[in-house]
There are 6 protein chains.
Amino acid sequence: MKLRVINPNDSQTMTEMIAESCRSVTDLTEIDAVCAGAGVASIEGFYDGAIAAAGVVQRVAEGEALGCDAYLIACADDTALQGARERANGPVMGIGEAAMHAASLLGCGFTILTAQQKSVRILEANARSYGFADHCLGVHALQMPVLDLEHSDDPKLLDKLIRRAETVINQDGSEVLVLGCAGLTTQQPMLQQALGIPVIDGVRIGTLMLESLVRAGLYTSKRCSYAYAG
Amino acid sequence: MKLRVINPNDSQTMTEMIAESCRSVTDLTEIDAVCAGAGVASIEGFYDGAIAAAGVVQRVAEGEALGCDAYLIACADDTALQGARERANGPVMGIGEAAMHAASLLGCGFTILTAQQKSVRILEANARSYGFADHCLGVHALQMPVLDLEHSDDPKLLDKLIRRAETVINQDGSEVLVLGCAGLTTQQPMLQQALGIPVIDGVRIGTLMLESLVRAGLYTSKRCSYAYAG
Amino acid sequence: MKLRVINPNDSQTMTEMIAESCRSVTDLTEIDAVCAGAGVASIEGFYDGAIAAAGVVQRVAEGEALGCDAYLIACADDTALQGARERANGPVMGIGEAAMHAASLLGCGFTILTAQQKSVRILEANARSYGFADHCLGVHALQMPVLDLEHSDDPKLLDKLIRRAETVINQDGSEVLVLGCAGLTTQQPMLQQALGIPVIDGVRIGTLMLESLVRAGLYTSKRCSYAYAG
Amino acid sequence: MKLRVINPNDSQTMTEMIAESCRSVTDLTEIDAVCAGAGVASIEGFYDGAIAAAGVVQRVAEGEALGCDAYLIACADDTALQGARERANGPVMGIGEAAMHAASLLGCGFTILTAQQKSVRILEANARSYGFADHCLGVHALQMPVLDLEHSDDPKLLDKLIRRAETVINQDGSEVLVLGCAGLTTQQPMLQQALGIPVIDGVRIGTLMLESLVRAGLYTSKRCSYAYAG
Amino acid sequence: MKLRVINPNDSQTMTEMIAESCRSVTDLTEIDAVCAGAGVASIEGFYDGAIAAAGVVQRVAEGEALGCDAYLIACADDTALQGARERANGPVMGIGEAAMHAASLLGCGFTILTAQQKSVRILEANARSYGFADHCLGVHALQMPVLDLEHSDDPKLLDKLIRRAETVINQDGSEVLVLGCAGLTTQQPMLQQALGIPVIDGVRIGTLMLESLVRAGLYTSKRCSYAYAG
Amino acid sequence: MKLRVINPNDSQTMTEMIAESCRSVTDLTEIDAVCAGAGVASIEGFYDGAIAAAGVVQRVAEGEALGCDAYLIACADDTALQGARERANGPVMGIGEAAMHAASLLGCGFTILTAQQKSVRILEANARSYGFADHCLGVHALQMPVLDLEHSDDPKLLDKLIRRAETVINQDGSEVLVLGCAGLTTQQPMLQQALGIPVIDGVRIGTLMLESLVRAGLYTSKRCSYAYAG
């Protein structure tokens, strides 16, 4: 099967990081990773999301022509998720959504760690909308720009992440950590190792959950809300 | 003061209908009505909304340069509402949002009547997100395309609306009717007269509520979530 | 149009302060400010509210005879709001309700600052009932009697307000401040200036929202719950 | 112990019916049944409740002087319940509240049957406020005035009640019936017998639950919200 | 009447402590206190609950044969509560459930104090399920094993309880304390005395509430969910 | 990897049907399907669930010794799910839970079809607890015993299922169907074909989601609530 991974921002470096994470968890699925191409350097807030939305759904439309079986939107705020579902035949997930679903299955309460304060309320609203108001015990920011997270081999970044994660997990009384930014994808294995609790990267688990939905013969319902437009 | 009214779809006829409704309720405010210009004929579903979003926020950016004091997004699904807030200094409302707020103040429970079935779940989700899960007793569709509503002088349309409204109000036990489509704006006075209960047109009340917020010296908070991007 | 503003407590000084705030935001509307006359010096808790309730609805009944177009209940706990709606033809709002509606439109999350600890749970319950459980991030008390707020020209009061407001806004991560007491009405302009975020005084915005509802031709639904008694 | 039962309306006939129900379930407790004395013939809607509220809390104040140990507010909309709690040392319950608590313990979902349509939204809002939003599956009206229920020995009334109750229980899929009007108190034994499911009369169970709270040494917390006024 | 009290764990000492508390509040009811007999020393977490569940419902089945009128499950996590209801004719309550119901009637917000951290999320989920999400302001652990609470005459235990209770009540802004462990039952009178607010022991109040339900002629609905199996 | 599938009831025929469904979607995973062995013929209600719970967690304990990597509880009411999580190192899911998660990703609202009326409230409560209160639009029963579903090759059963499914989907306005009984597992492909919308069998998708969690290196958090008992 073929999975199109759409990075709503236009950082090619980040798109490659993301694709690598996807490939690290499966060899059953071809990964076709693309930027949305809407001209947004990184999605930091509602405005960036509004600008990037058309790019995301256009990459889905293009993917349909190319025979893609499923779509992963690789930004933790799940940019244009429902618009993408309307345009796709196969299943569509966002990485924020995928990570929250997985987290709710592995512990009694999770914390989300995102890059910037501006994303906190977006992720809180998404958690409520997906149904995880009672499971999501807190959303916290690292207080650093998304693109700084690309330098994933900087040991100081990992140290900072570990300390911040420990603080917010203790504060919230959480049992699982959700990485609330695609830029953190490469850190998942090391963070999980360091923290001793499940650390969820939506890129990895989203890839596998979409693969599962396709293998089970499932697809996006076209009965009404996601029926093809006009 | 100057209010920019942004019609997310590109129907000039509908934009003029909308502007007329705005002007019918106030002469304190200059109405600057524009199409989003994103190439969407009418917003019917999530995909159309994703395509139109960038146009909406760009019309806000443009409005800021022109000195607009407030913004009304004239589609009942409140396309790109939060992105628009991030880009504006003055207050921003969507007509769906404005109508639901007003409806919650005038009766114990309201019903929303929209054009197409595809919008039902969008409006339900918006109602929940604004806080009106307990106040919104039902969202129902007329089952007709948005653009057909432009022919507002057809008496058969009004008859159909009245009959459908009475049915759904009785079914839901509602006390107020919300018009869930900008295309219904011209029908508000006749519908309210015919039904004998408050009928809320978000175009009219949204115009006046934005005027109120500006006259009270209020504006969009720039403290965090709606702080200007980059 | 004519707006009757009903102060549930019997402080004439506070009623005048309130009327002045109403008049400061509009000259379209005649302000008829009255005390409830139920013999309560200030509304501090549920018991005071129960005593004052009959006075509030009787002032509405009286206002109907005098041709009032709308009613504003000028106590942040919105004393007898629904009883007043049942007795009125025009729209009725409470200042707590008005302020929360406005606050939910201007930022992602608001904090309410009230006078006394006894009001905190009342305002929390009202926030839930109006639909703002997710928008209201905290209700906090100044820990001072309502009537002490009448001395609005004391610079120490403003200083105290500013410091307390900054503390609770930071603690809650709020983006908008709601003044949860009519006695704070005169402080709104200075507080908003000092805090750099929208500060909502329900007296001011309630006056304008009621004016909006009347100008839009809207009224309290008489279909069922608010139908005239007996 | 001594229980003061306060009928918010001023029907002496109904007060006696209520007292009889109280006495039918206990002989451990002295029943002191009084009318609120606020001049309301029957509580049918929000306005009546606002008028009656002061009477209810004054009867509590009087009861404190007389050494009453607990208070039952004998109207299904629990008029001035929280104001009464603030004035009382002992526990206070409303019959609507008492019945909903009991109902939630005896089946998976209950239906409330009240006298008039005007009370439906009041009882729905109370159910939400007490925490029974998920347990209360429907509130329905008999569509008859409260005072007509006084003629409790009319067999046609019982027949009408049984048929209406069966209809709404089936419609809601409920497992327990709550009587949503004090005027129905005498019908409880016959209705429970006829319907074959638990039928809850808040007068009876409220009397016993208050007796339980007093026997357990419990009382209304005076820590903050219900601390004595001024 | 005869009340069977089922201690889900197999500590005979604790069962006797529990029975003593039951008897301390009533002499109207015969107390038949038994261990579940499922081989669990103390219920600390979900696994223990799963192991104990069959024992609890079997003790109910046995009680039916013995003519018991009601059942109290004497573990704060209300082990197998719904299964027990299905097997019983009379009413069934858990002590956690009973205590939360009572607490919601006596103050605006309660705190639960339990023995171990592992029970916190269980009690939070139960509070949500019973409807007390808004009333339960916090669940906190003493961080000590359940069985250590048996040594109820150790004055150090009471001191520790008082200090911990004061801390969490202040932190949550609660007005009532719920004892979230059967092992705390003997401490209720002293704790209530020391704290000056209502302290709810579900053993005591559960006994009396069940007695109330039986005296009112009520029973578990057999209409559907709790209909007898097979 | 090795997945232990635990059928809470003791029907060997059904266990084999379930194992077949698991194997039909993956050949990456060894399927070890067992009955709970608690002596329950089929789980129909809360009592059966309480009896079966110990068997389910004991099969997990046994599985741990055998090196199982994950556990699927193959009853739609997810018997003893949290107790199983506490005992397992790897991830654990119930088929009801798995199906609801998948359904929420594929359409705006789903309907659950279960075998017996007694399961309806159990599944509704589970939906709320998992977070799907807004996504689950209805739970309906086929009104037939679970074990009758074993005769999966009877064409009349399929016809009956299709007609009932169409009715409830239309009634709820749902876009996805969840099979709320393990006994329906073999019908999924034919039902999905006939209905033209996604039909979710928790056995199939649960198998694949657990495989995903394990392949992503995730496991049950042992930080607190699911820490190993004593």
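Here, each number is a calculation from the coordinates, and none is a lab measurement. In this text the structure is predicted, and so the values were computed from the model without any measurement. Because the Cβ atoms are built from the backbone with ideal geometry, glycine has one as well, and the counts that use them run over all protein chains shown.
Brief remarks follow.
- Normalised by the number of residues in the range A:173-230, the average gap of Cα pairs under 8 Å and 6 or more apart makes the relative contact order 29 percent.
- Exceeding the 29 Å Cα-Cα cut-off - candidates C:Lys2/C:Lys160; B:Lys2/C:Lys156; A:Lys222/F:Lys160; B:Lys222/C:Lys2; F:Lys118/F:Lys156: C:Lys2/C:Lys160; B:Lys2/C:Lys156; B:Lys222/C:Lys2
- Net charge of Cβ neighbours under 13 Å - reference E:Tyr228; Lys, Arg +1; Asp, Glu -1: +1
- Sequence-separation-based contact order of chain A, relative, with Cα cut under 8 Å and 6+ spacing, percent: 23
- Nearest 10 degrees, 0 to 90: helix D:120-130 Cα axis against chain D principal axis: 60
- Modelled spin labels at B:Ala41 and D:Tyr228, positioned 7 Å past Cα toward Cβ, are 7.5 nm from each other.
- Between helix F:202-215 and chain F there is an angle of about 40 degrees, using the helix long axis and the longest principal axis of the Cα atoms.
- Of all residues in chain F, the one whose Cβ lies closest to the rotation axis carrying F onto B, together with that distance in whole Å, is F:Ala133, 6.
- D:Leu161, E:Leu191, B:Leu210, D:Leu184 arranged by Cβ crowding within 10 Å, fewest neighbours leading: E:Leu191, D:Leu161, D:Leu184, B:Leu210
- Measuring r between the beta carbons of B:Ala61 and E:Ala65 and using R0 = 60 Å, the FRET efficiency lands at 0.20.
- Angle in degrees between helix C:95-106 and the longest Cα principal axis of chain C, rounded to the nearest 10: 60
- Loop chymotrypsin sites (Phe, Trp or Tyr not before Pro), the range B:142-230, which have at most 16 other Cβ atoms in a 10 Å radius of their Cβ (DSSP): B:Tyr228
- Cα centroid separation, the range C:100-178 to the range B:158-174 (Å): 40
- Close amide-amide hydrogen proximity is noted between F:Ser225 and A:Cys108, each under 5 Å apart and 5 or more residues distant or on a separate chain (H modeled in the peptide plane; Pro and chain starts excluded).
- In a simple Cβ point-charge model (Lys, Arg +1; Asp, Glu -1; nothing else charged), chain C has a dipole of about 500 debye relative to its Cα centre.
- Residues whose amide H lies under 5 Å from that of B:Cys136, counting only those 5 or more places away or on a different chain, are B:Phe110; hydrogens are built 1.01 Å from N in the peptide plane.
- With a Förster radius of 41 Å applied to the beta-carbon distance between A:Asn89 and A:Asp148, the computed FRET efficiency rounds to 0.65.
- Per-residue ellipticity at 222 nm computed for chain F from its helices equals -14500 deg cm²/dmol, with DSSP H segments shorter than 4 residues left out and the rest contributing -39,500 (n - 2.57).
- Convex hull volume per residue in cubic angstrom - Cα atoms of chain D: 112
- Relative contact order for the range D:96-201: 35 percent, from Cα pairs under 8 Å spaced at least 6 residues apart, divided by residue count.
- Kirkwood-Stokes translational diffusion coefficient of the protein assembly as shown, alpha-carbon pairs, 10 °C, 1.306 mPa s, µm²/s: 49
- Only Lys, Arg, Asp and Glu carry charge here, each on its Cβ (+1 for the first two, -1 for the last two); on that basis the range E:96-201 has a dipole of about 240 debye about its Cα centre.
- Summing Lys and Arg as +1 and Asp and Glu as -1 over all other residues whose Cβ lies under 15 Å from the Cβ of A:Ala84 gives a net charge of -4.
- Charged-residue dipole, Cβ positions (Lys, Arg, Asp, Glu), the protein assembly as shown about Cα centre, Debye nearest 20: 0
- Between amide H atoms placed 1.01 Å from N, distances below 5 Å from F:Gly94 occur with F:Ile73, all of them 5 or more places distant or on a separate chain.
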